[in-house]
Amino acid sequence: MNNNQARKICILTTSFPITSESNSGVFVHHLYKSLKKNHIVEVVTPDGKTATKPSKYDPHIFKFRYVPKHLQTLAHEPGGIPAALKQNSLNYLSIPTFILSMLITTIYRATKNDLIQANWGICGYIANIAGLITNTPVITTFRGEDIGRASNSRIDKYFLDFCVKKSRYVVTVSEAFKSSLQNQYPQFQEKIFFIPNGVDLPKMPIERTPSPSETVKLLTVGSLITRKNQMQIIRSLALFPEVSRPRLTIVGEGNQRNTLEALINKLKINKYVDLAGEIPHCELPKIYQKNDIFILASYSEGRPNVVLEAMACSMPIVASNIDGTNELALDGKNALLFDKDSDNHLYTQINRLCKNSELRTSLGAAGRKMIMNKKLSWEQTAIKYEDLVSKACV
Amino acid sequence: MCGILFLKNPNLANDEAESRIRSALKKSVHRGPDEQNFIHVNGTYLAHTRLSIIDILDSQQPIRDPSGRYALIYNGEIYNFQQLRKSLLSHWTFKTKGDTEVLLAGLITHGPEFVEKLEGMWAFVLIDNKKNEIFLSRDRLGKKPLYFSRTPDAFYCASEIPAITELLDTSPSEDYRSTADYFRYGYFLPGTTAYKEIKELLPGHNLWVKPSGEVIQKPYWKISSSREHPNQTQAIEEIRDVFRESVQKRMTSDVEVGAFLSGGIDSSLIVHQLSELGITNLKTFTLGFNSKSFDESAEAKKISSFYKTDHYSSLLTSWNSDQMETIIRHNIGQPFADPSILPTAAISALAASKVKVVLSGDGGDELFSGYERYRARAIMRWYTRLPTSLRSKAEKAITALPEPQAHHSRSLLKKAHLFANLSRRIGSETPYVAPRVHSDASLSHILPQISQEGHCAPGLNLETELGDIEEMMLRDLSIYMPQDILLKVDRASMANSLEVRAPFLDHKLVELAFNLPLSWHRSFQGNKFMLKKTFQKTTPSDIWRKKKQGFGVPISEWLRADMGVQLSELIGSFDCPISPDHARELLKQHRAHKADHGFQLWQIYVYYLWLANKPK
């Protein structure tokens, strides 16, 4: 077999945009589209509760049912499976049928494909069992939070151990996670690789639309879940004197909405905060373009795509100083980082940027330049995966 | 078709007047990219921007009579100008072959009564230097626009509001009575605009500005609606003849004429008639949509294949919602809430790339009772007799079900939602003026300070002998059609330098259709009976199978995306009568999918766009 041969690849994922409005797992969707250019690719993913329009039907996407349709809320929701379990304990009842259905579907699809690419620990676990049964190689990609959870959760640690041992290759989306895994599993360090996520560069506007008013516009994008920590941004916003308070748009949906609304009301800053809800991913570039500063206050991340996208749109970044994020957002170069436990520090960093439009422009330009220099496009990501696929299939 | 401008202000230095005329001309170039001219006659400026359709090499405007006493600027098409020309030959030596000189000669020879002989669409200004009088006229149904403004000393006119604001001494001020009307109906009532100082010449009216400055506006045409006709078979023959003549007249042109073809009944009948008249190689134009709920391009393709037209279709895959701001700023100059102006502009751009003139099916629904709201009104009469508690429970049950995004022609549930909505506002819609966007109660929430304000619709006779549906149809013809449909078509097409002609809106056909008994047009089972009886046997059955659809614009989706973020920023940013708290609440409910407030929020959004762009 030669390296340029088209392979049959099955992508296994619990997050995928199965409706046109969904933002679930958009990066997996990008990977799917990019790999499809040279290979025959299909996706196995859980079904959702929303009916998919026939016009949107893609014959290469296999959705497995696990409970009656209207009860299928375990996957594709903001925050993924952990958030779904936290939000509604009854979802635990779906887990046995979920795993069984995913396993059967994956085994069947594995027989039709040369390789399985699994995303996150749970998919890696199922894919590796299917791989063992059908003798199909598996590449497991860990996307960050699953590695973090393994230090606190026995089940996640078990998934991680199993995947690292059984997968042909293991991929992380950040250098820090690669090093961490290599330290934990020195005997398998040869098969652990770092492949960064890309950005859909042609769709990211370079030109910024200056705000017609003097009010600086802040933006954060992410599921409304505890880990994303939008509460801290809201609290910091309240520290501004009213006369110079910037405007904050929070894009995303999730189980923290009511808590955030209550906080906004309590702080009496309703006029300054817009909870915009979930917005289709294709609309986001316009929103990046029209805002001045991007903020990410997460407690933990893999390698946040929203930061890559905001940088590609020449936005200056204010981000919490955590692993994964600080590989992209470099303090003083293309971003201002803050101590994740300090509202005052976040306020200070935002205020610095609000008062200095030149600094905003220079940090934004540096971010865009970094994306271009590192060639962080989905095409490059796909090339790196293709290389592993070729090796795995030999 | 063209743009016209008029300025008379004795207090203005010539340099300043000329500069204002030039900048207003610049703002009107899209209406006539072929030629721009202006003249200065005794302190009066007349300017014209031309889209050459007839007598392309000559017929320049402004035009003057040989004595220099009269000067005319005119926007429109007079379809019977050849016939009128012949009748004027004994009085006038013609130098051109176009309709402009015929209009000038007729007005000079016969006076204002000549207007009654015109067939077509027009808006013009004639000055009589000897009598020091200005005479304005607008076509019977209001196809061509004409705005004016006056002060004790000065008088200004223009085809569009963005141009007339360039002529005025000061920026015009918002008319809050009009603002309330806009939120009631989605547009302004005839004769009014968003501005106190700018008025609109009413359709079917002449206007004189006397030397004393006195302004007199009088109707020269009024639709009579006796709803009496002796014989249905004879009426069918008459419809066939008048429609054929109407289409034939509208082929009068020195440039190629095409046709919009949506796949619906009205545009298909026009293509059918053109085929009957022996027109070959007709260019037809359709806009397709991604959403099947709104897409009629397959039906249009079938009709075009049947009549062997040279068919052009464009699929609208993505929307540029920012285009609305451009249209408001450059073409309309005031809020206008009908989002279908965006696809109308898109299909106009497609057609303008191939032809300069198209025929469209506008007016078919108004004349032949095609709207579902007439049926809903009839059902409502029976429904309101049910006990209130029963109605309330039924409406609650409907409202509890999720409202589909689909066009109502494709969804029974959508229809049920619209009906429940109508039931809530029926009190506000009686007596009927035009379809309401907000009921009185809802208006008091969105505009707490000015919800009781508003203009009276001109010529609205609230006590007539007509039935409920006949009244609705008559008012739709005199209010909804000129203020929404015709404004939309004129601005969207002229923004692309395209002339649109509407054969259904020939005044003879209008008079005929409105004199037929309503029961000949519609019943509970259906509508447009007279059109069907007239043309069904001679046309392909596909035309009649299609359910009525409109241009669907996904405003509800936009408002849950980038546009919602923009709107959120705009709310509270202006000193205006909108309650920001109520607007925010509507947006919140809409984003959370608790209700579909898409149209109300779009209306608010457009109003803010206008506030952000209006002359300061």
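For region A:252-291, rounded, prolate or oblate, judged on the Cα gyration tensor with a ≥ b ≥ c (square roots of eigenvalues), a/c < 1.5 rounded, else prolate if a/b > b/c? Don't skip to the end; give the middle numbers.
Details: a/c = 4.81, a/b = 1.68, b/c = 2.87.
Oblate shape, in that a/c is at least 1.5 and b/c is the bigger or equal ratio.
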In straight Cα distance, which lysines are under 17 Å from residue B:532, not counting same-chain residues fewer than 8 positions off?
B:546, B:547, B:548
Ranking of B:380, B:473 by count of other Cβ atoms within 10 Å, fewest first
B:380, B:473
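Work out the FRET efficiency for residue A:19 and residue B:58 from their Cβ-Cβ distance, taking R0 = 51 Å, and round it to the nearest 0.05.
Numbers: r = 60 Å, r/R0 = 1.18.
Working from the Cβ atoms, E equals 0.25.
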Among B:605, B:593, A:197, which residue has its Cα furthest toward the positive end of the charge dipole of the protein assembly as shown, with +1 on Lys/Arg Cβ and -1 on Asp/Glu Cβ?
A:197
When B:507, A:70, B:590 are ranked with the fewest other C-beta atoms within 10 Å first, the list becomes A:70, B:507, B:590
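Could you compute how fast region B:124-178 diffuses translationally, taking Rh as the Kirkwood radius over C-alpha pairs and applying Stokes-Einstein at 37 °C with viscosity 0.692 mPa s? Give it in µm² per second.
Values: Rh = 13.0 Å.
My calculation gives 253 µm²/s for D.
Kindly provide the trypsin sites (Lys or Arg not before Pro) of region A:235-280 that DSSP labels as loop, not H, G, I, E or B, and whose Cβ sees at most 12 other Cβ atoms within 10 Å.
On the way: sites: A:235, A:247, A:257, A:266, A:268, A:271; in loops: A:268.
Loop-located and lightly packed - A:268.
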Kirkwood calc, the protein assembly as shown, C-alpha pairs only, radius in angstrom 32.0 Å
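For chain B, what is the mean residue ellipticity at 222 nm derived from helices alone (per DSSP H run of n ≥ 4: -39500 (n - 2.57); sum divided by total residues; nearest 500 deg cm²/dmol)?
Values: 25 runs with 239 residues, N = 616.
It comes out at -11000 deg cm²/dmol, rounded to the nearest 500.
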Assign one of three labels to region A:201-373, namely rounded, prolate or oblate, based on the Cα gyration tensor with a ≥ b ≥ c the square roots of its eigenvalues; rounded applies when a/c is under 1.5, prolate when it is not and a/b is larger than b/c, and oblate otherwise.
rounded
Compute the distance in nm between two label points, each set 7 Å from the Cα along the Cα-to-Cβ direction, one at residue A:93 and one at residue B:536.
5.6 nm
Classify chain B from the C-alpha gyration tensor, please: rounded if a/c falls under 1.5, else prolate or oblate depending on whether a/b exceeds b/c.
oblate
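Could you work out, residue by residue across B:571-579, how many beta carbons of other chains sit within 10 Å of that residue's beta carbon, and then give the average as an integer?
Across B:571-579, the average partner-chain Cβ count within 10 Å equals 1.
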Chain A, dipole about Cα centre (Lys/Arg Cβ +1, Asp/Glu Cβ -1), debye to the nearest 20:
460 debye
Connecting every pair of Cα atoms under 10 Å apart in chain A and solving the GNM, the largest mean-square fluctuation among A:365, A:127, A:335 falls on A:365
Given the options B:61, B:190, B:120, identify the residue whose Cα lies farthest towards the positive end of the charge dipole of region B:2-219 (+1 on Cβ of Lys, Arg; -1 on Cβ of Asp, Glu).
B:120
Running a GNM on chain A with Cα contacts under 10 Å, which residue among A:280, A:59, A:46 ends up with the highest mean-square fluctuation?
A:59
Extension gain residue B:592-residue B:441, at 0.36 nm per residue separation less the Cα-Cα distance, in nm?
52.1 nm
Gaussian network model of chain A, Cα within-10 Å springs - most flexible of A:143, A:352, A:360
A:352
Using alpha-carbon pairs under 8 Å, 6+ residues apart, how would you state the relative contact order of region B:248-359 in percent?
34 percent
Of the listed peptides A:89-100, B:338-349, what is their order by residue-averaged count of other C-beta atoms within 10 Å, with the highest listed first?
B:338-349, A:89-100
Rg ratio (alpha-carbon, reference 2.2 N^0.38 Å) - chain A
0.99
Can you give me the distance in nm between label points at residue A:372 and residue A:5, each placed 7 Å from the Cα along the Cα-to-Cβ direction?
4.0 nm
Taking 7 Å along the Cα-to-C-beta vector as the label spot, tell me the residue B:383-residue B:240 distance in nanometres, rounded to one decimal.
3.9 nm
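Among DSSP bridges having both ends in the protein assembly as shown, what percentage is antiparallel? Round to the nearest 5.
Numbers: 52 of 112 bridges.
Of those bridges, close to 45 percent are antiparallel.
How high is the relative contact order of chain A, given as a whole-number percent (alpha carbon pairs under 8 Å, six or more residues apart)?
Details: 765 pairs, mean separation 60.1, N = 394.
Relative contact order for chain A comes out at 15 percent.
Based on the Cα atoms of region A:13-113, what semi-axes does the equivalent ellipsoid have, where each is the square root of 5 times one gyration tensor eigenvalue, given in whole Å with the largest first? Don't skip to the answer; put the middle values down first.
Working: eigenvalues 103, 51, 31 Å².
Its equivalent ellipsoid spans semi-axes of 23, 16, 13 Å.
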Of the residues A:81, A:139, A:225, the Cα lying farthest along the dipole of chain A towards its positive end, which is defined by charges on the beta carbon of Lys, Arg, Asp and Glu, belongs to A:139
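Which of B:210/B:614; A:63/A:86; A:203/B:308 have a Cα-Cα distance over 29 Å?
Details: B:210/B:614 31 Å; A:63/A:86 24 Å; A:203/B:308 40 Å.
Checking Cα-Cα distances, B:210/B:614; A:203/B:308 exceed 29 Å.
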I need to check one value: relative contact order of region A:240-394, counting alpha carbon pairs closer than 8 Å and at least 6 residues apart, in percent.
18 percent
Just how far, in whole angstrom, is region B:436-508 from region A:207-274 if you go by their alpha carbon centroids?
42 Å
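Would you mind giving the average projected area, over all directions, of the Cα convex hull of region B:257-336 in nm² with one decimal? Intermediate results must be reported in sequence, preceding the final value.
Values: hull surface 26.4 nm².
Taking a quarter of the hull surface, the average projection is 6.6 nm².
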Any chance you could check the Cα centroid distance between region B:350-401 and region A:303-360 for me, in angstrom?
52 Å
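Given the DSSP H assignment, sum -39500 (n - 2.57) over each helix run of at least 4 residues in chain A and divide by its residue total; what's the result at 222 nm in deg cm²/dmol, nearest 500? Working shown, then result.
Numbers: 15 runs with 163 residues, N = 394.
Result for chain A: -12500 deg cm²/dmol, rounded to the nearest 500.
With +1 assigned to the C-beta of every Lys and Arg and -1 to the C-beta of every Asp and Glu, and no other charges, what is the dipole magnitude of region B:554-616 about the Cα centre in debye, to the nearest 20?
I would put it at about 20 debye.
Coordinate-derived values only; no laboratory data. Everything numeric in this text was worked out from a predicted model, so none of it was measured. So basically every Cβ, Gly included, is an ideal-geometry build from the backbone, and we count neighbours across all protein chains shown.
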